[in-house]
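What follows draws every value from the coordinates through simple rules; no lab data is involved. Computed from a predicted model, the values in this text were never measured in an experiment. Virtual Cβ from ideal backbone geometry, glycine too; neighbours counted across all protein chains shown.
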Amino acid sequence: MVTGRRSRYETQKSPLQRFLFVLGIVFFMLYFAFGFMLIFTNKVPINITYNGRVTLGILVIIYGAFRAIRLLQSSRQ
């Protein structure tokens, strides 16, 4: 029985780390929603062509995925 060591699953995160993790998840979902809104609706008042909207939407979705990957990698440490 080892009492002095804790696994990474037993250690708790600080409240600030939890808050930043939840905030990161919220922004990840917002980036995805905004990207899909740009692609599939005309509700965002931006004066660009359809191809520009699709390109911008795809870029926003890729950026959201990049942020999600970085968030998951940093939460494992």
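Quick notes on this structure:
Yes/no matrix, rows are residues, columns are (1) closer than 24 Å to ILE25 by Cα; (2) touching a Phe, Trp or Tyr at 6+ places or on another chain (Cβ under 9 Å):
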| residue | (1), (2) |
| --- | --- |
| LEU38 | yes, no |
| THR41 | yes, no |
| PRO45 | no, no |
| ILE48 | no, no |
| ILE58 | yes, no |
| ILE61 | yes, yes |
| GLY64 | yes, yes |
| ARG67 | yes, yes |
| LEU72 | yes, no |
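- Filter result for ASN51 (surrounded by fewer than 16 Cβ atoms within 10 Å (Cβ to Cβ), among the polar types (S, T, N, Q) and not in a helix (DSSP H, G or I)): no
- The residues of the stretch 19-48 that are surrounded by fewer than 12 Cβ atoms within 10 Å (Cβ to Cβ) and closer than 19 Å to ARG76 by Cβ, listed by number, are PHE19, VAL22, LEU23.
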